[in-house]
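Q: One structure is given below, represented as structure tokens, and several questions about it will come after.
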Amino acid sequence: MESQIRNIGLWADGQLKIDWVRHNMPLLNGLEKKFSKEKPFAGLKIALSVHLEAKTAYLCKVLAAGGAEMYVTGSNPLSTQDDVAAALVHAGLNVFAWHGATDEEYHSHIRCVLETGPNIIIDDGGDLVHLMHTEFRHLIPGVIGGCEETTTGIHRLMAMNRAGELCFPMMLVNNADCKHLFDNRYGTGQSVWDGINRTTNLIVAGKNVVVAGYGWCGKGVAMRAKGLGADVIVTEVDPIKAMEAVMDGFKVMKMRQAASVGDIFVTVTGCDSVITVPDFMEMKDGAICCNAGHFDVEVDMAGLRKLAVEASPARNNIMGYVLPNGRRIYVIAEGRLVNLAAGDGHPAEIMDMSFAIQAMSALYLVQHKDTVVRETGKMVNDVPAEIDNEVARQKLAHWGYEIDVLTPEQRRYLYGE
């Protein structure tokens, strides 16, 4: 099957981007060397749906170095970078994605990837796994397992598992400490504000920033907003997380209350209908809304479009909506994932850890393909602690740090060994 991309002529620009991140992803460098020698994925097809930019492209090349036949698509129509897609095709990988794909084109690209009959699935948000279980069930016997790296995707997997619908083992990459403690907090925290700042060219200091959701991603967004000089307000539905936000020094209130005082709103909940029509009607003139959750359902764009008496571009990637009360609300990147639809995503050094865990989890599935379900007794599996710890050790070593090691006596004291 031939690749489906915008323009192969863009490949040189995309390769420059890949080369840049490659120099800043030492863990993947090490895996690339290891995989090139050992070829652990020889004879296997890997279907991958992750935000298609330079860091993801390097992960694809690392897996290909291990012998995998790669079939790649994007997990968000606005995060695919056409020059990066072209660079992968130029390198011999199979890519089905382009920037600005319609919903129909997006799902067609996912189908192209699955039609190849993959053995390993690397998913971001759960669309590959969902479609495999609905439209491509006849190909499930060939699937060894898969990896999921988002909170949203894990929610979908858990729902499938509870319903007894999940038919192959999945590794919960997002639950790994070296993923959610760093990628979700520091990666999201920085990249969200990279996207907002480069798109709006406005100052953050002195503004009221409303962060909806205080999970690991929300913590990072709030922390960076505070560092930029904002007065931060958190909205939550979980009383424990709300209490944590208060003790971290942030104001906590309901969205309807926050709507009237916020200048910039960032949703990062993984839920839908977080900012709705009544909230829009309470907002200040000039309020800015954006979403940092996986799907474009947190800011009620359909409701806003229906409510608005006028809509027009205010700046590249920003739409302005005039409400019946005459106030204007701005939305960045159509309410899609702001750090990727309006930026380059997480820093390379952060994704180095996340993608190392992805690659090592895929390797774990291959090495334990006959035992992973039997050993754990379940279809959803946490990343083994040894993978998490190995990633952390290698990252510390690259940074030039050493840590203590328990003596045999200390291990006996702590664990009775």
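The values are calculated or read from the model by the stated rules, or taken from the named source; none is laboratory data. Here the structure is a predicted model, which means the values were calculated and not measured. Here the Cβ positions follow ideal geometry from the backbone for every residue, glycine too, while neighbour counts run over all protein chains shown. Just so you know, the surface numbers come from the protein's heavy atoms only, side chains and all, with ligands and any DNA or RNA stripped out. Shrake-Rupley method; radii C 1.70, N 1.55, O 1.52, S 1.80 Å.
Q: Within the bounds of region 208-219, is there any residue that is more than 21 Å from F295 (Cα to Cα) and surrounded by fewer than 20 Cβ atoms within 10 Å (Cβ to Cβ)?
A: The answer is yes, given that some residue of region 208-219 is more than 21 Å from F295 (Cα to Cα) and surrounded by fewer than 20 Cβ atoms within 10 Å (Cβ to Cβ).
For (1) buried (at least 24 other Cβ atoms within 10 Å of the Cβ); (2) modelled with pLDDT under 95; (3) of a type in the set (G, A, S); (4) within 18 Å of G345 (Cβ to Cβ), each residue gets a yes or a no:
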position: T73; (1), (2), (3), (4): yes, no, no, yes
position: L88; (1), (2), (3), (4): yes, no, no, yes
position: A91; (1), (2), (3), (4): no, no, yes, no
position: V95; (1), (2), (3), (4): yes, no, no, yes
position: H107; (1), (2), (3), (4): no, no, no, no
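Q: Something else now. Can you tell me which residues in region 398-417 are open to solvent by less than 70 Å² (accessible area, probe 1.4 Å) and under 17 Å from F182 (Cβ atoms)?
A: Result: no residue meets the conditions.
Q: Can you pull out every residue in region 310-323 that is open to solvent by less than 50 Å² (accessible area, probe 1.4 Å), of a type outside the set (A, V, I, L, M) and either touching a helix residue (DSSP H, G or I) at 6+ places or on another chain (Cβ under 6 Å) or in a loop (DSSP other than H, G, I, E, B) (or both)?
A: Y321
Q: Quick test for you: out of G270, G286, G326, G345, pick the one residue that is in contact with a Ser or Thr (Cβ under 6 Å, 6 or more places away or on another chain), open to solvent by 20 Å² or more (accessible area, probe 1.4 Å) and part of a loop (DSSP other than H, G, I, E, B).
A: After applying the criteria, what remains is G270.
Q: Residues that are of a type outside the set (G, A, S) and farther than 17 Å from L172 by Cβ: which helices (runs of 4 or more DSSP H) entirely in region 348-417 hold 3 or more of them?
A: In region 348-417, 348-367, 385-399, 408-415 are the helices (runs of 4 or more DSSP H) which contain 3 or more residues that are of a type outside the set (G, A, S) and farther than 17 Å from L172 by Cβ.
Q: Something else about it: Do you know which residues across region 51-77 are closer than 14 Å to H107 by Cα and not small (G, A, S)?
A: Correct list: V72, T73, N76, P77.
Q: R185 versus (1) buried (at least 23 other Cβ atoms within 10 Å of the Cβ); (2) closer than 30 Å to I120 by Cα; (3) among the basic types (K, R): which is the lone unmet condition?
A: (1)
Q: Quick one: would you say V297 is open to solvent by 60 Å² or more (accessible area, probe 1.4 Å), closer than 30 Å to D127 by Cα and of a type in the set (V, I, T)?
A: Judged against the criteria, V297 is a match.
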